[in-house]
1. What residue in chain B has the Cβ closest to the axis turning B into A, and how close is it in whole Å?
2. Relative contact order (percent) for region A:2-94, with alpha-carbon contacts under 8 angstrom and 6 or more residues of separation?
3. Using only atoms on other chains, find how many Cβ atoms lie within 10 Å of each Cβ of peptide B:96-109 and report the average.
4. Other chains' Cβ within 10 Å of B:150-163 residues: what's the mean?
5. Counting only other chains, what is the mean number of Cβ atoms within 10 angstrom of the Cβ of each residue in peptide B:9-20?
6. Given +1 on the Cβ of Lys and Arg, -1 on the Cβ of Asp and Glu, and no further charges, what dipole in debye does the protein assembly as shown carry about its Cα centre, rounded to the nearest 20?
7. Run the label-point distances for A:Ser70 please: 7 Å along Cα to Cβ, every other copy, nanometres, shortest first.
8. Please report, for A:Ala91, the nm distances (one decimal) from its label point, 7 Å out from Cα along the beta-carbon direction, to the equivalent points in the remaining copies, shortest first.
There are 2 protein chains.
Amino acid sequence: MIGDCSATYSGRASSTLDWGERLVLVKSDGSVVIHKREGYEPVNWQPSGCIFDTLIQPDGLLKIRAIRPSSRESLDIRFRSVFLIVELNLADRGDFLLYASEEDMKRAIVKYPSLIEDGFRPTMKEKRQPSGFIDVFGLDKNGDPLIVEIKKGLIRKEAVFQLGRYVSRMREGNPRVRGMIVAPSLGKGTAKLLKTLKLEFKQLSPKTCLDALQKERRARESMLSQRLCAHDD
Amino acid sequence: MIGDCSATYSGRASSTLDWGERLVLVKSDGSVVIHKREGYEPVNWQPSGCIFDTLIQPDGLLKIRAIRPSSRESLDIRFRSVFLIVELNLADRGDFLLYASEEDMKRAIVKYPSLIEDGFRPTMKEKRQPSGFIDVFGLDKNGDPLIVEIKKGLIRKEAVFQLGRYVSRMREGNPRVRGMIVAPSLGKGTAKLLKTLKLEFKQLSPKTCLDALQKERRARESMLSQRLCAHDD
DNA sequence: ACGTCGATCTCGAAC
DNA sequence: GTTCGAGGTCGACGT
């Protein structure tokens, strides 16, 4: 729908959106998105799972209420005028594939541990901890425990602290426990922080991991690029 | 635009989206959003700042390329068929107001420190620290330093650790430093964690803060609610 | 339901 | 520019 509307949200916070022309998507899975003329993000929204209550008020204004029972949130949209309403049943069976996620790096490291360090033997993926997960856990060539924290982007202090907590906890039992951050690059102050907490850093990019996995990927990728990129200039 | 399209993204990661019917928003600020029939989030997108390159390929397919120079990312959209194209110049001068954010709580506490504790005198907001910010800093009625960490939602362990780091650092210089979490509620394991780290908890809801601030807000709010909610059922 | 974490997170603000 | 923390984050996965 496109039209002159206003909106009020109430739930985890409250918001009011004054009158103006916007584009509103109401989807069959119970999600709502209100887009202003600018910006990637919607100004108001409701994730899927909403119950809709649509009515024409006594004064003639169209009102759509989207209530999400699970989180007790509600979004009210009122239309003063409507320029366009389109109702669609989109036929969409096209697959979406994303490459080079952190999960890809994890899989590459478990499959080819030498990406990290010679002699490394991973024993567990997603090891449960009192507070949180360890990405990869294993033993180094000397048999010492090695905790690996993987990030696909720049390392920030928060990630170092996260690993630091796991490691310090395990060092209470065994002071030889090693902690290692694996990522393509380090943020500014993180190098010193790593040193302070006696943690290590191994540079590794998602691309390198992808390349390592490419043998199994090649078939699928070439198939896709044939279909999708055949018409590229 | 609504039509049968496919898309490839390349940048921080890579993705391919196979043919299917979707809704595509192309905005004048250089942002793009591709929505499938379901889901609150777009399947593909590009934040604002894109340069567009639109062309009809030799084979007759419409192709839109959105390149974001700042982050060297590109999104290619190809249309096999187009059901609808609408070009709009939305007139939207309506304000968006969000209430009960963490910022609101901060402002309420600085203005009415007794919300936290009698005799509390805040001295700084957003105090810079070696790693991160302190929301509110001040002296209690005994003159001891009090570090306040504000959250508007449920407290998670991460927030406790964050405060713990600030406090332990400051306790090196002065062991009487107090640390306090201010939030509407505590997560499951956090009460024990607070005790361990010798931190305190003060229950305070965003709503209470809003009420405290309402004297100054009332004028604006009543104005808005008159305009927006006059037609409510 | 809660807890944790990744994300093409986005966005803003500070340095 | 980079770094950093917040978000009505969302979504996924596990307990």
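1. B:Phe161, 4
2. Working: 183 pairs, mean separation 26.8, N = 93.
Reported relative contact order: 29 percent.
3. Working: counts 11, 6, 6, 6, 6, 4, 1, 0, 1, 0, 0, 0, 0, 0.
Mean number of neighbouring Cβ atoms from other chains: 3.
4. Details: counts 0, 0, 2, 2, 0, 0, 1, 4, 6, 0, 1, 6, 2, 0.
Per residue, the number of nearby Cβ atoms from other chains is 2 on average.
5. Numbers: counts 3, 1, 1, 4, 10, 8, 6, 13, 7, 9, 7, 7.
Mean number of neighbouring Cβ atoms from other chains: 6.
6. Details: 80 positive and 62 negative charges, 496 e Å.
The dipole of the protein assembly as shown has a size of about 2380 debye.
7. Label-point distances to the other copies, shortest first: 3.2 nm.
8. Nearest to farthest, the other copies are at 4.0 nm.
Read the figures in this text as sums done on the coordinates, not as results from a lab. If you're wondering where the values come from, they're calculated on a predicted model, not measured in any experiment. Counting neighbours? That spans all protein chains shown, and the Cβs are built from the backbone with ideal geometry, glycine included.
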